Every structure is written in C-alpha cells, then in structure tokens.
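Asks: Would you mind keeping the following structure in view while I ask a few things?
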Amino acid sequence: MTQVSLPIAEADAFHRRFAHELRAAPRITTLQINIGLRCNLACRHCHVDSSPQRRGDDENMPPEIADRVIAWVLEHEQIDTIDITGGSPEMNPHFRRMVEAFAAAGRHVMDRCNPTIITHVEKDGTDYAWVPAFLAKHKVEVVASLPCYTADNVDKQRGRGSFDASVQGLLALNDVGYGTDPDLPLNLVYNPNGPSLPPPQESLEADYKRELREHFGIAFTSLFTITNMPIKRWRRDLEQSGKLETYMDKLVHAYNPDTINGLMCRHQVHIDPLGRLFDCDFNHALDLRTPGRETQHLWDVTPDDLADRVIATADHCYGCTAGAGSSCGGALV
Ligand code: SF4
Ligand code: SF4
C-alpha cells in the first residue's frame with residue numbers, strides 16, 4: 001500500500017489531479033437507493049441528518065417513484081446488485097415490495113439496516129419484528145451498523161438504550177440464520193467515535209467477533225470499517241468542538257492513491273427518494289448531483305449512459321481516500 005503524507009499544498013495538488021481524473025468504471029453494476037430519510041434514531045455522526053422527524057413527502061420514496069425504480073431495474077439486467085439505504089429503509093412502506101421484486105428477478109439485494117429498528121415500536125403500535133424473517137426469506141445481505149462493541153460508545157453516538165436494542169436486533173437476525181448460514185451474510189459496520197481514522201479492519205473484526213460472541217452470543221460474517229465523513233451533522237459537531245480543521249488535516253495527510261480504483265462512486269449510481277441521480281450517498285447529502293445529469297432521473301438514463309462518467313468530487317472525498325480507504329463495503333486496500 002502506498003501511503004502519502006504530504007504538506008497540505010502538495011496534497012491539494014494531488015487532490016486536484018484526482019478530482020479531475022475521477023471517472024466511473026466502464027460498466028455500472030450497482031444501484032444504490034436511498035429509499036427515505038426517516039429513521040428511529042438521530043445519531044451524532046449521521047451524514048444524511050436522518051431522524052424520526054424526516055417524514056416529508058420529498059424525503060421518503062413515494063409509490064410512483066418506487067414503481068419507476070422497480071421497472072428500471074427489471075429492464076437493465078446488468079444491474080446485479082441493489083443496495084438499499086436510508087434512514088431506516090424498513091420504515092418506508094414500499095421497502096418490502098421493492099425487495100420482493102428485485103429478489104424475484106434474481107438480483108443481489110443489500111439492506112443497510114440499523115439493528116435497533118427490529119425492536120422498535122411506534123406510537124401507533126407499528127412494529128418491525130417482521131424484518132429478520134422477511135430479509136432471510138429473500139436472502140437479502142444485511143449490513144448492520146454497530147459503531148462499537150461497548151454500550152457506552154454506542155449510546156454516546158446513537159442515544160441511550162441503542163446498544164441494548166442493537167444486541168436484541170442482532171440476536172433476532174442470528175435466530176433466522178444470519179451470520180452463520182453462508183446464504184445469509186450479516187456484516188457489521190464500525191465508524192470511529194471521534195475525529196480519528198478507523199483502526200485496521202482485520203484486527204478490529206477479530207476484537208468484535210470475540211467480544212460479541214463472549215458477552216452476547218452474537219455471530220456475524222464480516223466487519224466493515226468506515227471513516228466518518230466531514231459533512232452534515234458530524235461536520236457541525238466538529239465545528240462546534242473546534243476540531244474540524246484538525247480532522248480535515250488528518251484526512252488530507254493520509255491521502256492514499258491506492259484507494260481510487262475501489263471507490264464506490266466508480267461502480268455504482270445512487271438515487272435519492274425522488275429518483276434523482278448522484279454518484280454516492282455523501283454527494284446526495286450535499287445535493288451534489290452527477291455532473292451533466294442535474295435535471296435527470298434514473299428512468300431518463302441507461303446504465304451505459306452512466307459508465308465512464310465524470311464524478312462530482314469535493315473536499316469530503318478525502319474521507320474515502322484516507323488511509324486504508326472507506327466505502328460502503330469498508331476498507332479498500
Ligand atoms: S441509524 Fe443510520 S440513518 Fe439512522 S440516524 Fe443513525 S446513522 Fe443516520
Ligand atoms: S465521497 Fe467518496 S464515493 Fe463519493 S464521490 Fe467522493 S470519493 Fe467518490
């Protein structure tokens with residue numbers, strides 16, 4: 001792994017070249033769908049500012065958009081992976097029929113699930129106890145966020161009681177075979193609790209496996225380490241604590257060109273709940289649309305139209321290129 005550590009001016013020169021040259025791969029195979037911003041939590045590090053209050057019609061995918069997205073995916077066989085994120089995706093009433101349609105068409109479906117949703121009960125009595133069995137039935141790959149294996153750290157980021165609820169949610173996923181059945185992968189996602197880069201993924205995975213097994217009897221498949229992106233709620237937090245500059249400095253100095261091939265924006269396209277086009281969910285959070293496609297929607301393009309496209313980059317991209325790199329699938333190198 002080539003790791004560069006440069007004075008900021010030189011790192012900026014690197015970045016300008018990277019930004020200028022960054023293009024999507026010749027073949028796009030993944031559609032990432034942000035199905036809605038509503039979530040039962042409001043975590044400190046959330047880069048899309050999700051919370052229970054995000055109920056607006058333009059913030060959660062309406063039925064007619066869900067129909068158009070399903071039709072587009074079924075029309076384009078080369079899109080073999082559908083990665084559904086949010087918010088808490090399961091809170092969108094169209095989540096289930098979308099998963100059913102994609103799975104029936106033989107596509108690999110991923111759910112970025114916050115495991116506390118499984119124990120969550122809304123004021124009107126709506127519950128999400130159906131989630132584990134539903135996901136298992138459709139062989140959905142689960143990517144579940146758990147920023148630490150200790151209660152203190154998780155509750156600090158996600159709110160009091162969220163660690164215990166996460167443990168209950170993960171055990172419910174284990175009960176239906178997640179984490180032990182090879183067809184039911186359960187990947188956990190770690191992100192640092194403060195302004196630092198994640199530790200090495202492999203050794204942290206071993207720690208997570210040991211701690212979660214010994215203390216709670218939880219099994220999981222892999223751990224993905226993800227860098228906190230300096231945008232939205234986490235950026236405001238850094239600004240308020242006077243740590244933004246130090247954090248940006250850290251990311252810039254850890255710039256690693258070996259991460260570029262694997263950057264998630266190169267292999268996917270991302271849509272927001274209204275079907276608008278973005279290169280990744282971070283750019284979506286910043287309303288930074290795919291260059292040249294600012295007024296278009298998913299159904300206005302084909303996967304080939306999106307291949308080899310220029311990607312919109314800005315300073316937050318240093319979060320993806322720092323150290324071992326960071327993507328929806330964890331470290332890159
Ligand atoms: S669970 Fe995920 S989507 Fe929900 S607030 Fe936390 S980080 Fe944001
Ligand atoms: S934030 Fe990361 S994934 Fe998004 S465009 Fe920048 S480098 Fe690519």
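Asks: For region 66-157, what's the radius of gyration and Dmax over Cα atoms, in angstrom?
Replies: Cα-based Rg and Dmax for region 66-157 come out at 14.7, 47 Å.
Asks: Starting at the first residue of region 181-190, write each ³J(HN,Hα) from the Karplus equation 6.51 cos²θ - 1.76 cosθ + 1.60 with θ = phi - 60°, in whole Hz, x for Gly and Pro.
Replies: My calculation for region 181-190 gives 6, x, 7, 10, x, 10, 9, 9, 10, 9 Hz in order.
Asks: On alpha carbon coordinates alone, what is the Rg over Rh value for region 270-333, Rh being the Kirkwood radius? Present the calculation step by step, with values, prior to reporting the outcome.
Replies: On the way: Rg = 12.6 Å, Rh = 12.7 Å.
For region 270-333, the value is 1.00.
Asks: Between the alpha-carbon centers of region 34-100 and region 284-312, tell me the distance in whole angstrom.
Replies: 18 Å
Asks: Rounded to the nearest 5, what is the percent of antiparallel bridges among the DSSP beta bridges in region 8-321? The partial results should precede the final answer.
Replies: Numbers: 7 of 33 bridges.
That works out to approximately 20 percent antiparallel.
Asks: State to the nearest 20 debye the size of the charge dipole of region 8-321 about its Cα centre, where the only charges are +1 on K and R beta carbons and -1 on D and E beta carbons.
Replies: 400 debye
Asks: Kindly flag which residue pairs out of Lys123/Lys209; Lys209/Lys250; Lys139/Lys209; Lys156/Lys232; Lys209/Lys243 have an alpha-carbon separation exceeding 25 Å in this structure.
Replies: Pairs exceeding the cut-off: Lys123/Lys209; Lys209/Lys250; Lys209/Lys243.
Asks: With bins 10 Å wide starting at 0, give me the P(r) of region 97-227 over every alpha carbon pair, in whole percents.
Replies: Final binned percentages: 13, 42, 34, 11, 0.
Asks: Evaluate Rg over Rh across the chain, taking Cα atoms for both radii and Kirkwood's formula for Rh. Before the final figure, lay out the partial values.
Replies: Values: Rg = 19.1 Å, Rh = 20.2 Å.
Here Rg/Rh amounts to 0.94.
Asks: Applying a 10 Å radius around every beta-carbon, put 125-137, 25-37 in order of their mean neighbour count, most first. Walk me through the intermediate numbers first.
Replies: On the way: 125-137: 16.0, 25-37: 21.2.
The densest-packed peptide leads the list: 25-37, 125-137.
Asks: Which residue, Ala136, Thr180, Leu286, has the largest displacement toward the positive end of the dipole of the chain when charges sit on each Cβ (Lys, Arg +1; Asp, Glu -1)?
Replies: Looking along the dipole axis, the top candidate is Leu286.
Asks: Convert 10 °C to kelvin, take the viscosity as 1.306 mPa s, use the Kirkwood radius over C-alpha pairs of region 109-168 as Rh, and evaluate the Stokes-Einstein diffusion coefficient in µm²/s, rounded to a whole number. Don't skip to the end; give the middle numbers.
Replies: On the way: Rh = 12.3 Å.
Stokes-Einstein gives a translational diffusion coefficient of 129 µm²/s.
Asks: Same structure, new question: Using bins 5 angstrom wide from zero, how does P(r) for region 219-296 break down, in % of all Cα pairs?
Replies: 3, 12, 17, 18, 20, 17, 11, 3, 0
Asks: Charges at C-beta only: +1 for Lys and Arg, -1 for Asp and Glu. How large is the resulting dipole of region 91-238 about its Cα centre, in Debye rounded to 20?
Replies: On the way: 17 positive and 18 negative charges, 120 e Å.
Dipole about the Cα centre, nearest 20: 580 debye.
Here, each number is a calculation from the coordinates, and none is a lab measurement. None of these values were measured; they are calculated from a predicted model. Glycine gets a Cβ as well: all are built from the backbone with ideal geometry, and neighbour counts include every protein chain shown.
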